[in-house]
Structure formats: structure tokens, C-alpha cells
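The values are calculated or read from the model by the stated rules, or taken from the named source; none is laboratory data. Since this is a predicted model, take the numbers as computed values, not measurements. With ideal geometry, Cβ positions are generated from the backbone for all residues, glycine too; neighbour counts draw on all protein chains shown. These area figures cover heavy atoms from the full protein model, side chains too; ligands, DNA and RNA do not enter into them. Shrake-Rupley method; radii C 1.70, N 1.55, O 1.52, S 1.80 Å.
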Amino acid sequence: MRSDRQSTRQTNQGDRQSNRGDAQSNRQDNAANRQDDRSQNQENRQENRTDRQGNRQDGMTNRQNNRQDFVNDNWYGGGWYGGGYYTPPGWGAWAGLAGLTTGLIIGATVNETPPYYDTVYIGSSSYIYSDGVYMQSVNDNYIVVAPPTGVVVNYIPDGCTLIQDGDFQYYDCAGIYYEAVYQDGATVYRVIEY
């Protein structure tokens, strides 16, 4: 009987030792898997950040290309803006339909957005921006407004003059002054004075 108990104890001790070894091995495997998962998640996050940056850059490039294509396809003459605004050349037929054939003045109201535009923000205020013209939505209409100082846009209108003042460069776009700034991997333009 004692011999059987001794044999059972030895068998149980061997089983416990084997179980401890298996548990240790499982813990090590789990730790290695967690480390692999952390590394993979970090790689995925970096790849996602890179993809988002690329998508933002592609979106800005596509908007600029679409705007230029629209201007090229719809140039009907027309003047440039300044003081008030003259209807931007790329607005073509839309400007006539909107009743803007003689130009825009600050405070003018239209009932639809220009044919191409970006939405830009200063704080919580949003503006419609298209070829140097700024509008704000009021009820179901859009009102032409003065360029808000500090607003950042992806492009400036054609025909702007680069001004060098000591170490400072800025663009004069018919009385709207922009500075080029680097933001999110791209050059954008901030209104510094109107």
C-alpha cells in the first residue's frame, strides 16, 4: 500500500512538474505573442498615419487639379477681383446664372455655391472659398464677405504678385495679402491682411 502511495506521489509530482513546465512554456509563448501583436499594431498605426497623410495630400492635389481643369474648360474672359471682387474666371456660366455678370461686392447674396470651392475655418466659423472669393452661409443663401484674417487656404488665385520685404515673403492678390506656410506636409496660404 505504501509502495502504491509512493508511486502515486511520484507520478503526481511528475505530473505537477510537467504541468509547471507547460504553464511556463505557455506564459512565454503568450508573452512572445503579445510582443508580436504590439509590434504589428505599432506598424499598422504608422502605416495608417502615412496613408492618411498621403490621402490628405492627394485630396489637396486633386482639388487643385479639378479647380485648374474647371478654369481651363470654362474660361470665358471675365475680369479679376480687387476692391470688391470681379467674378473669377473659372466661374464662367455659373456666375451669369447667379446674376454676377458685373462682379461681386462684399455683401452680395447668391443662392448657391460657386462651381468649385473649399470649406475653410477660423475658429468655429466656416467660409466657402473659391478663387480668392470668400462667402458665408446664411439661411439658404451665401453672402460674399471680406477675407477673414488668419484663414488658411490650399491655393491662391492666379495672378498674385510675390512681394519680398526683407526676410519676409508674401503674396499680393489684388489687395488680399497671403503668406505661404507649411502645414501637414504641404504648402498652404494664410490671409495676413485685407
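The table for this structure:
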item	result
Cβ crowding within 10 Å averaged over residues, with 143-153, 7-17 ranked highest first	143-153, 7-17
Contour excess over end-to-end distance, with Cα ends at E43 and D167 and 0.36 nm allotted per residue	40.5 nm
Accessible surface, segment 142-194, averaged per residue in Å² (probe 1.4 Å)	51 Å²
Carbon + sulfur, % of accessible area of segment 96-194 - ligands and nucleic acids excluded, 1.4 Å	44 percent
